[in-house]
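Trainee: Handing you a structure now.
The values are calculated or read from the model by the stated rules, or taken from the named source; none is laboratory data. Because the structure is a prediction, the values reported are computed rather than measured. Every residue, glycine as well, gets a Cβ built from its backbone with ideal geometry; the counts of neighbours run over all protein chains shown.
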Amino acid sequence: MNRVDPAVLNTPQPPCSLPRRLSLHAGDPQRFRRHLRAYFLETFDAYETLFRTLACEAAWVERPITLRHPLIFYYGHTATFFVNKLLLTRLIGARIDPHLESIFAVGVDEMSWDDLDDAHYDWPGVARVQAYRDQVRKLVTDLIDTAPLTLPVNWENPWWAIVMGVEHERIHLETSSVLIRQHRLDYVQTRPEWPVCALTGAAPVNTLVDVPAGHVGLGKPFDCERYGWDNEYGRHAADVPAFQAGRLLVSNGEFLEFVTAGGYAHDAFWDDEGRRWRDFAKAMHPTFWVQGRDGWRLRLMTQVVAMPWNWPVEVNCLEARAFCRWKTQQTGRNVRLPTEDEWHRVLAASGWQLADDRPAGANLYLEHWASPCPVDHFAHGPFCDAVGNVWQWTETPTYPFEGFKTHPIYDDFTTPTFDDRHNLIKGGSWIATGNEAEPESRYAFRRHFFQHAGFRYVAAETPVATPASRYETDDLITQYMEFHYGAEYHGVPNFPQALARIAIEAVGSGPHRRAMDLGCAVGRAVFELARHFDEVVGVDFSARFIDQGVALARGDTVRYTAVEEGELVEYKAANLAGLGLQDTATRVAFWQGDACNLKPQFAGYDLILAANLIDRLYDPAQFVTTIHERLNLGGVLMLTSPYTWLAEHTPREKWLGGFKKDGESWRTLDALKALLGPHFDMVGGPRSVPFVIRETKRKFQHTLSEVTLWRRTR
């Protein structure tokens with residue numbers, strides 16, 4: 001490869017080049033406001049600049065791939081994320097556009113509860129979404145300028161939601177660029193602010209470099225000055241035996257040897273998952289390679305160029321694994337992808353350190369090009385591209401460190417990926433910025449998914465140990481699993497089962513086509529209602545809860561722990577067959593949703609059950625006054641609650657009852673009668689239904705929930 005003066009290589013720089021990081025420990029509030037304002041605006045601007053590469057209206061609303069929403073969704077999603085999270089931290093008290101904040105709320109991974117059916121949505125036009133983004137821009141900048149601020153900004157600080165929103169948009173800056181790359185070529189256009197590297201040439205020869213044995217200690221403290229996602233916190237330590245690692249990322253030229261050898265056609269190089277994907281995709285070469293009359297070409301984000309053989313190949317994890325098996329056959333060495341721990345040992349051997357006070361030393365942060373570059377351009381000690389250029393697949397499925405916990409306003413960032421199906425990618429790509437570009441970041445994708453990701457192989461005799469990634473030891477999850485599916489305590493019947501029986505009795509001989517359990521938690525009532533209803537939908541705000549119901553409906557046995565005392569636990573398990581509910585699984589579905597701002601498709605029900613929900617909502621009156629829109633005429637609404645109003649869940653001014661009004665006691669039932677009266681008639685009187693939640697073997701919560709039934713008559 002011809003060397004070029006670095007000063008030349010760095011021009012032109014993309015105008016959207018983003019600042020590297022934000023310190024959360026700034027001692028001066030005004031300085032922190034200035035830095036965060038710039039961090040937010042530069043991110044917001046860069047995101048909008050990316051979408052200017054879309055060349056026509058159809059590019060916004062047609063899905064680039066079937067497992068993702070159309071790009072109009074992602075243009076709105078990052079903005080609505082700010083509003084939805086700011087509401088949870090009470091930095092704001094009202095929505096900007098409830099409809100957009102509903103339809104743009106969820107859509108990161110193709111989980112079984114994620115909605116990817118375009119038939120449900122009438123996507124808004126670009127102008128409307130842009131106007132909404134403009135409103136969010138003003139909202140956030142006004143907050144940064146004027147909201148009360150206490151430093152440092154940590155997990156408990158409401159300002160964490162602002163930083164989270166910025167880092168979330170930086171993630172989608174990258175994932176949206178991947179979708180644009182997978183779009184039809186006539187739907188995209190080149191832009192001067194997204195320049196492509198012009199350095200191309202023959203592929204360099206890759207060699208193996210010795211990496212000595214060493215210790216790895218991972219996990220950041222919760223008082224770290226840098227923002228992190230939940231899976232980065234906690235503790236992990238390991239002693240890693242010596243191994244060898246490729247000096248370079250695998251280039252297009254090196255991968256061509258595998259393609260030319262017929263590697264895609266040989267089943268021996270593919271595991272079962274890989275073969276299924278390969279056969280489904282009819283893959284015979286990397287997805288971004290384009291075969292033409294004049295040879296191989298490469299699809300970039302907005303154009304197709306002559307194949308740069310010295311750039312890193314970009315493949316999914318299954319393809320990288322297949323290459324490694326072929327390489328093993330060719331060399332007689334045990335070649336494979338590195339584990340996360342081994343990747344960190346390579347990083348340590350490279351001498352790479354993240355610093356803000358030195359020139360850029362990697363293809364990161366959009367500081368060079370809007371594309372990869374040659375695999376031997378950025379040297380880091382004995383290696384090249386220890387970080388940057390493209391992400392590097394690892395053999396490690398994502399898993400929680402010891403001490404892991406979820407953030408209360410985003411409990412489903414990582415937990416849905418604790419399934420042994422998502423592998424970690426490390427090191428960042430040319431478009432990785434902010435937290436993404438930190439070596440300690442831990443992003444994971446399904447093994448058949450594409451990012452700007454390639455790989456470095458290692459030669460190691462140490463077998464790969466798969467860490468336990470299932471996470472059903474969380475106190476709240478295990479309590480609810482036992483509450484819904486465990487033993488009955490102190491003679492009190494199973495609460496979800498008891499409510500389902502009351503609901504079915506209330507519906508009687510009326511229509512029983514569709515029912516919804518709103519605030520379904522881990523889902524027992526959903527399955528119980530499905531004994532009677534043709535279709536039952538469970539909706540909950542927490543993805544952690546929903547995951548348990550999804551697993552049970554899939555036929556899995558969910559294993560969980562129940563505390564005996566201190567650190568001693570009992571190991572328990574639940575499945576539908578053991579409860580006689582296996583025949584209901586085909587009639588249920590689980591969705592993530594906000595009861596105060598449900599998506600439009602949640603309508604047309606004959607029964608809605610909202611169990612112990614209203615006193616946990618941030619705006620219960622909004623829920624109560626609009627729930628009739630979701631019920632058919634004649635349908636039944638069943639509300640249960642112990643009316644435990646707490647300011648930590650519901651702002652004091654939003655409580656429905658439990659206070660003096662005009663000098664008289666005003667109870668929640670009084671408010672329900674007033675608010676539901678225009679559309680409902682109360683069926684019978686209220687009744688108390690007990691429930692017991694086990695905390696430990698000798699400590700239980702015994703509570704009475706008031707049950708009221710309402711029939712929609714107008």
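Trainee: Could you tell me which of the residues 148, 158, 192, 124 is in a loop (DSSP other than H, G, I, E, B) and in contact with a Ser or Thr (Cβ under 8 Å, 6 or more places away or on another chain)?
Mentor: Going through 148, 158, 192, 124 in turn, just one is in a loop (DSSP other than H, G, I, E, B) and in contact with a Ser or Thr (Cβ under 8 Å, 6 or more places away or on another chain): 158.
Trainee: Determine which member of the set 650, 640 is surrounded by 12 or more Cβ atoms within 10 Å (Cβ to Cβ), touching a Lys or Arg at 6+ places or on another chain (Cβ under 8 Å) and among the polar types (S, T, N, Q).
Mentor: The unique qualifying residue is 650.
Trainee: Please find, within region 573-583, the residue that is modelled with the lowest pLDDT out of those that are closer than 16 Å to residue 484 by Cα, in a helix (DSSP H, G or I) and of a type outside the set (A, V, I, L, M).
Mentor: 578
Trainee: Under 7 Å by Cβ, and 6 or more places apart or on different chains, what pairs join a residue from region 42-70 that is free of Cβ contacts under 8 Å to residues at least 40 places away in the same chain with one that is surrounded by fewer than 19 Cβ atoms within 10 Å (Cβ to Cβ)?
Mentor: The qualifying pairs are 42/19.
Trainee: Here's a follow-up. For residue 425, only one of the following conditions fails: (1) surrounded by fewer than 24 Cβ atoms within 10 Å (Cβ to Cβ); (2) part of a strand (DSSP E or B). What is its number?
Mentor: The number of the failed condition is (1).
Trainee: Exactly one of these conditions fails for residue 565: (1) touching a helix residue (DSSP H, G or I) at 6+ places or on another chain (Cβ under 9 Å); (2) among the acidic types (Asp, Glu); (3) in contact (Cβ under 8 Å) with a residue 60 or more places away in the chain. Give me its number.
Mentor: Residue 565 satisfies every listed condition except (1).
Trainee: Mind checking which residues of region 62-107 are closer than 20 Å to residue 649 by Cβ and in a loop (DSSP other than H, G, I, E, B)?
Mentor: Result: 90, 91, 92, 93, 94, 95, 105.
Trainee: I'm trying to understand the selection: among the residues of region 151-166, which are in contact with an Asp or Glu (Cβ under 8 Å, 6 or more places away or on another chain) and modelled with pLDDT of 95 or more?
Mentor: Within region 151-166, no residue meets the criteria.
Trainee: If you check residue 247 against the conditions, is it touching a strand residue (DSSP E or B) at 6+ places or on another chain (Cβ under 7 Å) and farther than 25 Å from residue 444 by Cβ?
Mentor: Considered against the rule, which asks whether it is touching a strand residue (DSSP E or B) at 6+ places or on another chain (Cβ under 7 Å) and farther than 25 Å from residue 444 by Cβ, residue 247 comes out as yes.
Trainee: How many residues, within region 478-500, are on the phi < 0 side of the Ramachandran plot and in a loop (DSSP other than H, G, I, E, B)?
Mentor: Number of matching residues: 7.
Trainee: Looking only at region 529-567, which residues are closer than 22 Å to residue 700 by Cα and of a type in the set (Ser, Thr, Tyr)?
Mentor: 560, 561 - these are the residues of region 529-567 that are closer than 22 Å to residue 700 by Cα and of a type in the set (Ser, Thr, Tyr).
Every residue, every condition in (1) buried (at least 21 other Cβ atoms within 10 Å of the Cβ); (2) without any contact (Cβ under 8 Å) to a residue 12 or more places away in the chain; (3) more than 23 Å from residue 390 (Cβ to Cβ), yes or no:
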site: 222; (1), (2), (3): no, no, yes
site: 248; (1), (2), (3): yes, no, no
site: 256; (1), (2), (3): no, no, no
site: 260; (1), (2), (3): no, yes, no
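Trainee: Here is a list: 186, 122, 145. Which entry is more than 24 Å from residue 428 (Cα to Cα), free of Cβ contacts under 8 Å to residues at least 12 places away in the same chain and either under 28 Å from the mean Cα position of the chain (by Cα) or surrounded by fewer than 18 Cβ atoms within 10 Å (Cβ to Cβ) (or both)?
Mentor: Selected residue: 122, the only one of 186, 122, 145 that is more than 24 Å from residue 428 (Cα to Cα), free of Cβ contacts under 8 Å to residues at least 12 places away in the same chain and either under 28 Å from the mean Cα position of the chain (by Cα) or surrounded by fewer than 18 Cβ atoms within 10 Å (Cβ to Cβ) (or both).
Trainee: Does region 238-258 hold any residues that are within 15 Å of residue 328 (Cα to Cα) and β-branched (Val, Ile, Thr), and which are they?
Mentor: Scanning region 238-258 gives a single hit, 250.
Trainee: Shifting gears a bit: Of the residues in region 380-411, how many are assigned to a loop (DSSP other than H, G, I, E, B) and among the acidic types (Asp, Glu)?
Mentor: 2
Trainee: For residues in region 262-271 being out of contact with any His (no Cβ under 9 Å at 6 or more places or on another chain) and aromatic (Phe, Trp, Tyr), which is surrounded by the most Cβ atoms within 10 Å (Cβ to Cβ)?
Mentor: So, considering only residues that are out of contact with any His (no Cβ under 9 Å at 6 or more places or on another chain) and aromatic (Phe, Trp, Tyr), the one surrounded by the most Cβ atoms within 10 Å (Cβ to Cβ) is 269.
Trainee: Filter region 418-431 down to the residues that are in contact with a strand residue (DSSP E or B) (Cβ under 8 Å, 6 or more places away or on another chain) and modelled with pLDDT of 95 or more, then identify the one that is farthest from residue 401 (Cα to Cα).
Mentor: The qualifying residue farthest from residue 401 (Cα to Cα) is 429.
Trainee: Determine whether residue 619 is within 23 Å of residue 707 (Cα to Cα) and without any contact (Cβ under 8 Å) to a residue 40 or more places away in the chain.
Mentor: Taking the combined requirement at face value, the residue satisfies it.
Trainee: For residue 178, only one of the following conditions fails: (1) at pLDDT below 95; (2) within 25 Å of the chain's Cα centre (by Cα). What is its number?
Mentor: (1)
Trainee: Of all the residues that make up region 624-647, how many are part of a strand (DSSP E or B) and within 18 Å of residue 714 (Cα to Cα)?
Mentor: Here the count works out to 8.
Trainee: Got a number for residues in region 301-352 being touching a residue at least 24 places away in the same chain (Cβ under 8 Å) and at positive phi?
Mentor: Adding up the residues that qualify gives 1.
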